[in-house]
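Just so it is clear, none of the values below were taken in a lab; they were calculated from the coordinates. Remember, predicted model here, so these are calculated numbers, not experimental data. We place every Cβ from the backbone using ideal geometry, glycine too, and count neighbours over all the protein chains shown.
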Amino acid sequence: MEGSKNTAEIRIYVACLAAYNNGILHGRWIDAEQDAWEIYDEVQDMLKASPIAEAEEWAIHDYEGFEGVRVSEWESFEDVSKMTAFIAEHGALGGQLLAHFDSLEDAEKAMSEGYAGAYESLADFARSMTEETSVSIPENVAYYIDYQAMARDMEISDVFTIQTAFDAVHVFWQH
């Protein structure tokens, strides 16, 4: 089970600070799924259309589709573009992973090097690991294995999880 892809538009609302400081709301919703220079160009177009002459300063006043990731008012367009690409690729899982690490590099590393898959629960992951790594578990012994306890122990030092749905627990190995 893969993380659900983001189907909602990922966008930022960029406001003209000269207009804002003069009590005028002037800004534009901008598609964040583009490169940083394209976002910059749209902001420059918005500033040129400002009711305040020679407006230069901007701030991100709102955002949508970032799956729980906080976007600063002063976030660079390069960072916005990179976060958006990661979220667009990995959906809610990507957003929650970014929020968990607060670093795109760490989130990318966890996704590429530490992702163990999606399971209905961490106990299902423990069961799967046990079945994959054991020669065979006799049926009469299998009933005595406490996968919930194994899952709790794994979460203490070996793995962390991100839950994207009731029955979608994504497991990552800790580094």
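General remarks:
- Max mean-square fluctuation residue, GNM over the chain, Cα-Cα springs under 10 Å, options MET83, MET111, MET150: MET150
- Of the trypsin sites (Lys or Arg not before Pro) in segment 1-83, the ones in a loop by DSSP (not H, G, I, E or B) with at most 11 other beta carbons within 10 Å are ARG70.
- Where labels lie 7 Å past Cα in the beta-carbon direction, separation of ALA142 and GLU73 in nm: 6.0
- Our coupling estimate for segment 52-62, obtained by passing each phi through the Karplus curve with A = 6.51, B = -1.76, C = 1.60 and θ = phi - 60°, is 9, 4, 6, 5, 10, 9, 9, 8, 7, 9, 7 Hz, Gly and Pro reported as x.
- Exposed chymotrypsin sites (Phe, Trp or Tyr not before Pro) absent - longest run of the chain, DSSP non-H/G/I/E/B, at most 14 other C-beta within 10 Å: 1-73
- Phi angles across segment 73-88 convert, under the Karplus curve 6.51 cos²θ - 1.76 cosθ + 1.60 with θ = phi - 60°, into 3J(HN,Hα) values of 4, 10, 4, 5, 5, 5, 5, 4, 4, 5, 4, 4, 4, 5, 5, 4 Hz, Gly and Pro given as x.
- Helix-only CD estimate at 222 nm, as mean residue ellipticity for the chain, using -39500 (n - 2.57) per DSSP H run (n ≥ 4): -13000 deg cm²/dmol
- Here the mean projected area of the convex hull built on the C-alpha positions of the chain is 12.2 nm².
- Cut-off 11 Å between beta-carbons: net charge of the residues surrounding VAL43, Lys and Arg +1, Asp and Glu -1: -4
- Amide H contacts of GLY27: CYS16, each under 5 Å away and 5 or more positions distant or on a separate chain (H built 1.01 Å from N in the peptide plane; Pro and chain starts excluded).
- Residue of ALA165, ALA15, ALA149 that the Gaussian network model of the chain assigns the largest fluctuation, springs spanning Cα pairs under 10 Å: ALA149
- Build a GNM of the chain with springs between Cα atoms under 10 Å apart, and of THR161, THR84, THR133 the one that fluctuates most is THR133.
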